[in-house]
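Notes follow once the structure below has been shown.
The values are calculated or read from the model by the stated rules, or taken from the named source; none is laboratory data. Note that the structure is predicted; figures quoted are calculated from it, not measured. Cβ placement follows ideal geometry from the backbone for every residue including glycine, while neighbour counts extend to all protein chains displayed. Just so you know, the surface numbers come from the protein's heavy atoms only, side chains and all, with ligands and any DNA or RNA stripped out. Shrake-Rupley method; radii C 1.70, N 1.55, O 1.52, S 1.80 Å.
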Amino acid sequence: MPLHIQLGSRRVSIAAEAHPTLAQLLERAGLHLNLRCGGEGICGGCRLQLAEGTFHVDGVTLTLPAGSRHEAFACQTRVLSADGEIIVPAGSLLETGGQIVSEFHAPNANSAQTTSATAPLAAAVDIGTTTVALVLLDPATGHILARASQYNQQIRKADDVASRISFCRTEAEVRVMQELVIGQTINPLLAEACAAAGVQTGRVERLAVAGNTVMEHLFLGLPVESIGRLPFNAVRHIHPPCEAATLGLAMRPRGSVDVVPSVAGYIGGDIVADIHAAHLLSRGGESVLVDVGTNSEIVYAQGGRLLACATAAGPAFEGAGLLHGRRASPGAIEHVRCDTKLDFQCDVIGGGKADGICGSGIIDFLAVGFRCGLINAHGRFDIERLQHAGCYAQSPLARGSSHACVLVPAAASANGQAVVVTERDIEQVLKAKAATYAGLKTLLTLQGRNVRDIPRFVLAGGFARHIDLANAITLGLLPDLPLERFEVLGNGSLAGAYLALTDAAALLAMEHISRLPQAIELNRTQDFEDNFIDALLIPNLNTEEFPSVEIHS
Amino acid sequence: MAKNEELFNAICKGQRKLVEEIVNQAVAGGASVVELLNDSMIPAMRNMGDKFSKNEVYVPEMLIAARAMAAGLKIIEPILVSAGHKPLAKVCIGTVKGDLHDIGKNLVAMMLKGAGYEVDDLGVDCDAAKFQAAVDRGAQAVLCSALLTTTMPYMKTITEALRTSTAKVVIGGAPVTQQYATEIGAAGYGADANDAVKVIDQLLGVRA
Ligand code: B12
């Protein structure tokens, strides 16, 4: 029973059995689909097209003649016929590889130094929900020997933090997640980095990790269920050092493992590492740190005091949940420019043809679209202009359809399908940016501070390195501050893990930091909802907060 | 009284301050609040709901309009009560235990009020007993909202607790699906705020 799969220009055939879902069949054939909701038929990440054959879709049996195009979720579909044909869009595949997110600024990350052939080595690891990054270093000198990164393989089971918590209902399921992040992710990265440096993995004597609270718990094999619901408590925030062998890490078995302490269920070790690496406390004065991502965290520092909150922006900035959204890896549009004739110029990661758009690209698109009047404050297109410029498209939705703008026509794209941005996509991005800005404004208002008076604004997280700051301001994601007040930290989480290994005082300092922040529950504050609704507009309903953004009426 | 165009437009456009001004002025001028509600405010929310189901307006515009509607309702609600205004039916709504997301729930509540229902808003983090108490107070339908995959399973507890009561349980929120509603035996599911009104209308047999 062969099942033919069309993947862009590639064609694959696999033996189909009637029982498993298409998602499971494809997984066995090594094609990992985006199952961020854990295959529950919710997120639409594994969307594909059924072209021919008999299928069982959502409880209904469908027979499709050759040439059909029936959209379905792979996790909810089974093949019934002797053979069948399906088309898998690139955006539904979980690309392996991952973007390089291991750049960071650390004081003594000096690569000019050398390491003796016998010196003990160490590895610093940032466990992101999406990407895991590792650097191999000589802890005595701070010299970096190699870097490696790849997707956190837990993504095969579920995409966002909450879905991973839902997955871990039993101890056995926690162990599955632990094995995926250690056995399938960190160990291969250790092997890769050691091979690149020409050393044995047994020479790695220390390892330090930083990540959000759920990632750190799963790394240590601790239960996470309580973090999933009110009052979002973790098992613990300060982790005693442990031995590598007890975790199954492929390094020196007696080697020691440190985990950067966390603050609360949704304010993790990654944020503590950010605060430490950005010298938020030691530099004194007033500053704000924002780690932009699926779960944007915001920290306000003022003379030794720290306040923190988390706003669940959602995965739109990582390209998920958008029709042609994808992660920032080769083939993604990362920057967009346009003139008044709507002649879009796109920069594609890797320089080739595009098959989708990532977070930084969608921010640019909205900002330039707004500036030239193509997109209004509510995120709606000027349809006539789109039609006039020949960029209009309509994309079908579950009910009705959505207006869309063609960024790259079918003929110029990597997969023969036009890359479009729909009004629905815009709505998703507006929700994500509104959650981030509203969190920031609510936190500062609680302190009697105005967003526009903040003298130093640190942006952490891999994603922040790639965004155009002026465009992020036009969109209303970042506050309207002079650009020189922004500082881009890069991967502060990895920097914190690196410092834990190279600076004897760092772990203690981070433990101190982890006890400081007062965690603010945004849902407990009255203003958040109002600020969120105001921030759903471009740049904001309160245009006076964005004086530098020109508003068209 | 004919439709107050100005008020209708101000709600659709979400001009909260203007809505307050118009309503305050009308009330001071002795206008009937029941007519304001029935002829201008409810039609405005219905208009937004219709456009929403045709994808002509999206959630941001709905939220802004609902906020303006809420500002207007806040002024007339006490007067309505004393005027003996009869709602279509009484329903209750709440975000389930363990969950604090309420922006979507508030929008659903506003659309229901906008459609003429009396809404008993139970707030967030509601356990089954809280919903039961609202049913005891006369709610004919129980609307549950959940935004987290980790709190959604609590809806099953609620439907089970209310199995013997006559109140209809309707569930919704981003991770919730029709399939899940069927699985746990809920009477209805709504994908969005406008859908919520349609499902309630149908279940309570209020409008054909
Ligand atoms: C705003 C927001 C928050 C605010 C909530 C403020 C508030 N007062 O509600 C804050 C910042 C506090 C927050 C916190 C958290 N959040 Co949050 N949040 C969001 C966000 C950005 C938007 C949700 C929203 O309001 N949408 C707008 C409304 C109008 O839409 P809606 O709620 O879906 O409602 C519509 C329909 O669903 C339906 N509907 C809703 N209820 C009902 C009920 C019935 C009966 C019916 C018929 C219909 C219906 O009608 C509505 C209108 O059409 C989403 C991400 C996103 N982009 O959507 C995450 C999101 C929901 N949050 C998430 C998470 C994980 C959290 C946290 C647990 C963690 C954290 N990062 O801090 C916390 C804890 C929350 C808690 N204590 O319960 C996740 C959930 C993931 C998952 N798989 O479960 C999301 C999806 C983001 C993500 N991908 O990470 N969040």
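Quick notes
- Taken over region A:186-271, the convex hull of the Cα atoms encloses 84 Å³ per residue.
- When the P(r) is computed for region A:407-540, the part past 20 Å accounts for 62% of the Cα-Cα pairs.
- The trypsin sites (Lys or Arg not before Pro) of region B:130-192 meeting both criteria, a DSSP state outside H, G, I, E and B (loop) and at most 15 other C-beta atoms within 10 angstrom of the site's C-beta, are B:Arg137, B:Arg163.
- Expected-Rg normalisation [2.2 N^0.38 Å, Cα atoms] applied to region A:183-228: 1.45
- Summarising the overall dimensions of region A:319-379 from its C-alpha atoms, the Rg and Dmax are 11.5, 33 angstrom.
- With a 10 Å cut-off around each Cβ of A:225-233, the average count of Cβ atoms from other chains is 4.
- Region B:100-208: C-alpha gyration tensor shape, a/c 1.5 cut-off, then a/b vs b/c: rounded
- Eligible lysines near A:Lys341 by straight Cα distance, threshold 18 Å, same-chain separation 8 or greater: none
- What the pair-distance distribution of region B:157-208 shows, using all Cα-Cα distances binned every 5 Å from zero, is 4, 21, 28, 27, 15, 4, 0 percent.
- Across chain A, Cα pairs under 8 Å and at least six residues apart give a relative contact order of 13 percent.
- Cα centroid of region B:150-178 to Cα centroid of region A:313-332, whole Å: 32 Å
- Solvent-accessible area buried by pairing A with B, both sides, nearest 100 square angstrom, 1.4 angstrom probe: 2600 Å²
- Integer Hz, Karplus 6.51/-1.76/1.60 couplings in order for region A:308-320, x for Gly and Pro: 9, 8, 10, 10, 6, 6, x, x, 4, 5, 9, x, 7
- Magnitude of the charge dipole, chain B, Cβ model with Lys/Arg +1 and Asp/Glu -1, debye to 20: 180 debye
- Long-range tail of P(r) for chain B (Cα pairs > 23 Å, %): 44 percent
- Coordinate range along principal axes, alpha carbons of region A:247-385, Å, largest first: 63, 42, 25
- Region B:43-154 - convex hull of alpha carbons, volume per residue in Å³: 111 Å³
- Region A:121-269 - percent of accessible surface contributed by carbon and sulfur, probe 1.4 Å: 51 percent
- Alpha-carbon centroid distance for the pair region A:274-298 / region B:60-121, whole angstrom: 39 Å
- Descending principal axes extents, region A:327-460, alpha-carbon based, whole Å: 53, 34, 32
- Across region B:1-103, the relative contact order, built from alpha-carbon pairs under 8 Å that are at least six residues apart, equals 36 percent.
- Kirkwood Rh and Cα Rg combined as Rg over Rh, evaluated for the protein assembly as shown: 0.97
- Fraction of antiparallel bridges per DSSP, region A:301-389 only, in percent to nearest 5: 75 percent
- Dipole size of region B:5-82 about its Cα centre, with +1 on Lys/Arg Cβ and -1 on Asp/Glu Cβ: approximately 280 debye, rounded to the nearest 20.
- Converting phi to 3J(HN,Hα) with the Karplus coefficients 6.51, -1.76 and 1.60 and the offset θ = phi - 60°, region B:113-123 yields 4, x, 8, x, 8, 8, 10, 9, 8, 8, x Hz in sequence order, with x at every glycine or proline.
- Amide H contacts for A:Ala313 (H built 1.01 Å from N in the peptide plane; partners 5 or more residues away or on another chain; cut-off under 5 Å): A:Asn295, A:Ser296.
- Residue-normalised accessible area of region A:457-517, expressed per residue, 1.4 Å probe, Å²: 31 Å²
- Total charge dipole magnitude, chain A, about the Cα centre, Cβ charges on Lys, Arg, Asp, Glu only, Debye to nearest 20: 620 debye
- 1.4 Å probe, heavy atoms, protein only - residues of region B:80-122 losing at least 30 Å² accessible area vs chain alone: B:Gly98, B:Leu100, B:Ile103
- Across the options A:Val429, A:Leu374, A:Ala172, the greatest Cα extent toward the positive end of the charge dipole of chain A (unit charges at beta carbon of Lys, Arg, Asp, Glu) belongs to A:Ala172.
- Amide H within-cut-off set for A:Thr54, under 5 Å, with H built and near neighbours excluded: A:Leu64, A:Leu80, A:Ser81
- Amide proton proximity set for A:Cys338, modelled H, under 5 Å, gap of 5+: A:Gln345
- Spatial offset of region A:180-241 relative to region A:340-398 amounts to 39 Å, using the alpha carbon center of each.
- Summarised in one figure, the compactness ratio Rg/Rh of region A:159-314, Cα atoms and Kirkwood Rh, is 1.00.
- Subset of B:Lys17/B:Lys51; A:Lys433/B:Lys17; B:Lys17/B:Lys97 violating a 27 Å alpha-carbon distance limit: B:Lys17/B:Lys97
- Size of region B:5-82 from its Cα atoms: along the principal axes, largest to smallest, the extents are 38, 20, 20 Å.
- Residue-by-residue Karplus 3J(HN,Hα) for region B:162-174, coefficients 6.51, -1.76, 1.60, Hz, glycine and proline x: 9, 3, 7, 7, 8, 5, 8, 9, 10, 10, x, x, 3
- Other protein chain C-beta atoms within 10 Å of residue C-beta, averaged over B:60-67: 5.
- The Rg/Rh ratio for region A:140-192 is 1.12, where Rg is the radius of gyration of the alpha carbons and Rh is the Kirkwood radius.
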